[in-house]
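Here the structure is laid out as structure tokens; the discussion comes afterwards.
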Amino acid sequence: MTTKHEGLYSISKVAKTCSISRSTIMRLEDRGLIKPAQIKEGGSRYYDGFNISKILRIKEFQEMGFTLGEIDHYYDTNGDLLMMIKRIEDEISDKELFLSNLALKIKAKKIDIKVGYTREVHCVTSRIKKDQDHQIAMEELFFDCVKKGYKLAMQPLFVIDDQKNNELIVCVALENATDQTITIKKNKAIFCIWDDMENEKETLAIVDRYIEDNGYEKIDDPRIILRFKDDDLVIRSVVIPIKE
């Protein structure tokens with residue numbers, strides 16, 4: 001049944017989904033880092049998918065060692081990445097993919113290609129035809145996972161291009177495996193990150209040329225990773241598993 005709170009989640013549901021406490025959510029709200037989508041009479045708070053995405057990004061910053069004060073500064077300055085990138089480069093050498101996401105905001109409209117390794121990922125999935133709207137399918141699966149109280153991974157949304165069956169596999173990554181998840185093993189892969197939603201085909205063609213020019217061999221279907229809108233950019237990346 002549709003209600004006026006469709007697509008909105010209580011503070012308890014958001015806390016469980018993001019693996020944080022209710023008091024932490026209130027502390028982020030007090031600092032102005034998040035804002036409820038709706039507050040009912042009596043003070044009950046409801047949050048939307050953008051709030052959840054931002055909380056996961058804040059957790060990601062905190063796991064990289066940034067303080068709430070530094071995170072405040074990042075959002076207050078609309079993304080002062082020079083300080084953030086310097087801290088990561090000085091202290092955490094194995095976070096190159098995270099650096100690439102940040103660097104896109106400085107190198108607007110350019111792409112970044114690296115070779116690295118994917119993590120093992122546990123995903124809830126849904127198959128759709130390529131002529132269907134994968135954004136809608138992804139939002140529906142995402143909201144379903146939140147409603148069920150699943151704990152989301154840091155970068156939860158991606159699509160696998162199943163070229164053999166001419167389908168898309170919509171995926172929401174979770175922190176832990178459940179009886180509803182499939183597991184995608186760790187692989188060596190090409191990572192390409194870009195910020196232009198309109199040029200996916202052109203970007204994939206550039207990645208294909210990079211793979212051919214460097215003598216790599218694909219071993220699996222590519223994954224397109226999507227983020228919620230982050231400030232003024234929508235960050236996307238493609239991951240193409242390759243042979244060792």
Residue within segment 70-82 that is surrounded by 15 or more Cβ atoms within 10 Å (Cβ to Cβ), at pLDDT 85 or above, more than 25 Å from Val238 (Cβ to Cβ) and in contact with a strand residue (DSSP E or B) (Cβ under 6 Å, 6 or more places away or on another chain) present: no
Members of segment 156-175 that are out of contact with any strand residue (DSSP E or B) (no Cβ under 6 Å at 6 or more places or on another chain) and either surrounded by 13 or more Cβ atoms within 10 Å (Cβ to Cβ) or at pLDDT 90 or above (or both): Asp161, Asn165, Asn166
In segment 30-83, the residues that are touching a Phe, Trp or Tyr at 6+ places or on another chain (Cβ under 9 Å), of a type in the set (Lys, Arg) and not in a loop (DSSP other than H, G, I, E, B): Lys54, Arg57
Leading residue by the ranking (modelled with the lowest pLDDT) among those in segment 92-142 that are open to solvent by less than 60 Å² (accessible area, probe 1.4 Å) and of a type in the set (Phe, Trp, Tyr): Phe98
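Suppose we filter Arg27, Arg31 for residues that are open to solvent by 70 Å² or more (accessible area, probe 1.4 Å), at pLDDT 90 or above and either in contact with a helix residue (DSSP H, G or I) (Cβ under 7 Å, 6 or more places away or on another chain) or over 25 Å from Phe143 (Cα atoms) (or both); which single one remains? It would help to see each step written out before you state the result.
Numbers: Arg27 fails: either in contact with a helix residue (DSSP H, G or I) (Cβ under 7 Å, 6 or more places away or on another chain) or over 25 Å from Phe143 (Cα atoms) (or both).
On inspection, the qualifying residue turns out to be Arg31.
The values are calculated or read from the model by the stated rules, or taken from the named source; none is laboratory data. Note that the structure is predicted; figures quoted are calculated from it, not measured. Heads up, the Cβs are rebuilt from the backbone with ideal geometry, glycines too, and the neighbour counts pull from every protein chain shown. Accessible surface areas use protein heavy atoms only, side chains included; no ligands, DNA or RNA. Shrake-Rupley method; radii C 1.70, N 1.55, O 1.52, S 1.80 Å.
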